[in-house]
Amino acid sequence: MADEQLHAQFLANKIVALGGEPTTRPAPVKAVKTNREMLEAVLEAEQQAVKNYTQRARDAEEFKDKGLTVQLEDMVRQESGHAEETERILRDWPM
Ligand SMILES: [Fe+2]
């Protein structure tokens, strides 16, 4: 969660630097009934974040903003780590 907050802060600052106005519309949260379902939803969200930041990094590269590209690729690295950590927890279930 701390990483995600830093990502949001970085992106909001970047949007402002580029002359835009950041929005604060949160992504929908899936309703679940068990702890395992919650972790499965977390894994899905982490994998989606990897896909989204990968595409944004490509966009930034096309826009020729190397700093943004590197930052987005670092976000991909972090989100990949979160996904792998969640996969390990699910693989070892029940704890
Ligand atoms: Fe994450």
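None of the figures in this text is laboratory data; all of them are computed from the coordinates on show. All values derive from a computational prediction rather than experimental measurement. Counting neighbours? That spans all protein chains shown, and the Cβs are built from the backbone with ideal geometry, glycine included.
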Computed about the Cα centre, the charge dipole of the chain from +1 Lys/Arg and -1 Asp/Glu charges at the Cβ has a magnitude in debye, to the nearest 20, of 180 debye
Karplus-derived 3J(HN,Hα) from phi for segment 33-50 (6.51 cos²θ - 1.76 cosθ + 1.60, θ = phi - 60°), whole Hz, x at Gly and Pro, runs 10, 10, 4, 5, 4, 5, 5, 5, 5, 4, 4, 4, 5, 5, 5, 5, 4, 4
Result: in the chain the number of Lys pairs with C-alpha under 21 Å apart, spaced 8 or more or on different chains, is 6
What value, in deg cm²/dmol to 500, does the helix sum -39500 (n - 2.57) over DSSP H runs of n ≥ 4 give at 222 nm once divided by the residues of the chain? -26000 deg cm²/dmol
